[in-house]
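The values are calculated or read from the model by the stated rules, or taken from the named source; none is laboratory data. Computed from a prediction, not measured in an experiment: that's the story for all the values here. Here the Cβ positions follow ideal geometry from the backbone for every residue, glycine too, while neighbour counts run over all protein chains shown. SASA here: full protein model, heavy atoms, side chains in, ligands and nucleic acids out. Shrake-Rupley method; radii C 1.70, N 1.55, O 1.52, S 1.80 Å.
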Amino acid sequence: MNDINSGRDKINWVGANMPILNSLREELRAQQPFKGATIVTSMHLEAKTAYLLLTLRELGAEVISSGSNPLSTQPDIAACLRDQGLTVNARHGCTMQEYTEDLLTSLSARPHLLIDDGGDLLQLLQDDAYRAYDERLIGGCEETTTGIIRLRQLIADKALRYPMISVNDADCKHLFDNRYGTGESVWTTITHLTNLSVASKTVVVAGYGWCGKGVAMRAKGLGARVIVTEVDPIKAMEALMDGFSVLPMREAAPLGDIFITVTGCKDVITGEHFPLLKDNAVLCNAGHFDCEVSTRELHELGEGVEIKPSIRQFTLNGKHINLLGEGRLVNLAAGMGHPTEFMDMSFALQLLSLLSLYTERELYAKPDLYAVPRHIDERVAAIKLRSLNVAIDELTEEQRRYLAK
Ligand code: NAI
């Protein structure tokens, strides 16, 4: 099967399982609410993202897409989108320089709206050399925790020049996508790549935020003993209360069979820890950037050998260390990303937030980081519940008055 057909089949499959986006497509198609808008995206280019991009186009937008990571762009999806007339500036396995060139090519279309996943588009727009690219920019949406951290830094530096909506912080995003989506897709990817059981293994999860909670919860469900490492005493307490062991990485290093970093920080597993690891330990990262497991220090041990697709084995003092997905976020660089249902929720938030930016500009009058309006969060959850045929109770007028007191 050629790339275009394979990409189309994958997109059709997920599209049939995205009831929220489909409901919004039906409801909004006739209005063409994005007519006149050029939307530039930097997102992991896989099937679910493709369905969002096609939906935005169907609702009237011109869509120009780039990747969000050199390894997470799937060539068949990119080929299929191009075949359907979208502009795609993204290549799988490109260098960081090529990756940046692709983002700049997209930005040179002078977008009205952006979707960023990790903040790379915004970072480039900070550079005076690309100032002209923002002349039509109304604002954008940020998908992930790391992008929000970068946005908050821009605000602290008084350097943010556009309104941005923090999709990551909506309840329908981090409660589901970060927690259950990452929890599920990280394990799907690890078990698929290694063909090893999780049951009876000792799993070390670095970071007990929204993603880490999901990864730890699903590891426990698969029968692993779970150790959590943290830097935040409250999160560490939460992990203890949830029944996990908590240790510093130095003490966890000799105990773990599988390690997952998901902190948004850097240098979480480093050369200090490598000599302490068991023979054949598996290391992987699910955080946004590939600096949580120090791949730089791993490569100081030599090139390593790719013993299976996406498993690179290094040798230290006669022991083997296995790195999955080159240390890039494993579920996207070496897997299929989150299950479709979670991305349906996240992408419905993206769509409705972009629409709010485009059509209710007065709500976003100054450059700042804005929350997703509550009614959008509730609307996404309500459509999702409806699609599952789940009804909930409604407050009576009297109950409303009682609660308002
Ligand atoms: P969060 O802010 O909820 O949690 C991060 C946790 O890591 C915090 O509890 C923090 O105290 C802890 N931490 C920070 N530095 C640490 C260190 N050196 N050692 C141990 N713990 C440390 O963030 P969230 O939402 O869990 O996201 C984490 C990362 O995952 C971000 O980079 C985010 O962009 C990315 N992400 C990845 C996804 C994927 O599909 N792989 C999906 C969503 C987010």
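Quick notes
- Number of positions in segment 126-147 that are of a type outside the set (F, W, Y), surrounded by fewer than 21 Cβ atoms within 10 Å (Cβ to Cβ) and over 23 Å from C265 (Cα atoms): 10
- Residues in segment 266-281 that are open to solvent by 10 Å² or more (accessible area, probe 1.4 Å) and touching a Leu at 6+ places or on another chain (Cβ under 7 Å): P275 alone.
- Residue within segment 337-349 that is more than 30 Å from G36 (Cβ to Cβ), free of Cβ contacts under 8 Å to residues at least 60 places away in the same chain and open to solvent by less than 50 Å² (accessible area, probe 1.4 Å) present: no
- Among the residues of segment 148-199, those that are under 30 Å from I311 (Cβ atoms), open to solvent by 20 Å² or more (accessible area, probe 1.4 Å), in contact (Cβ under 8 Å) with a residue 40 or more places away in the chain and within 12 Å of the ligand (Cβ to nearest atom) comprise I149, F176, Y180, E184, T188.
- Filter result for V305 (of a type in the set (V, I, T) and within 13 Å of the ligand (Cβ to nearest atom)): no
- For segment 65-83, a residue qualifies if it is open to solvent by 10 Å² or more (accessible area, probe 1.4 Å), over 17 Å from G325 (Cα atoms) and touching a helix residue (DSSP H, G or I) at 6+ places or on another chain (Cβ under 7 Å), and the qualifying residues are D76, A79, D83.
- Segment 163-202, residues that are of a type in the set (V, I, T), touching a Gly at 6+ places or on another chain (Cβ under 8 Å) and within 12 Å of A371 (Cβ to Cβ): I165
- Among the residues of segment 296-314, those that are open to solvent by less than 80 Å² (accessible area, probe 1.4 Å) and under 18 Å from L277 (Cα atoms) comprise E297, L298, L301, G302, G304, I311, R312, Q313, F314.
- Some residue of segment 61-69 being under 16 Å from the mean Cα position of the chain (by Cα), over 20 Å from G139 (Cα atoms) and not aromatic (F, W, Y): yes
- Only one of the numbered conditions (1) more than 16 Å from the ligand (Cβ to nearest atom); (2) open to solvent by less than 20 Å² (accessible area, probe 1.4 Å); (3) part of a loop (DSSP other than H, G, I, E, B) is not met by G287, and that is (1).
- Some residue of segment 211-228 being among the small types (G, A, S) and within 9 Å of the ligand (Cβ to nearest atom): yes
- There is at least one residue in segment 131-145 that is farther than 25 Å from L276 by Cα, in a strand (DSSP E or B) and of a type in the set (A, V, I, L, M, F, W, C).
- Being surrounded by fewer than 22 Cβ atoms within 10 Å (Cβ to Cβ) and either away from the ligand (no atom under 15 Å from the Cβ) or closer than 18 Å to I64 by Cβ (or both) is a property that holds for G93.
- Just one of the numbered conditions (1) within 30 Å of T194 (Cβ to Cβ); (2) in contact with a Lys or Arg (Cβ under 6 Å, 6 or more places away or on another chain) is not true of G318: (2).
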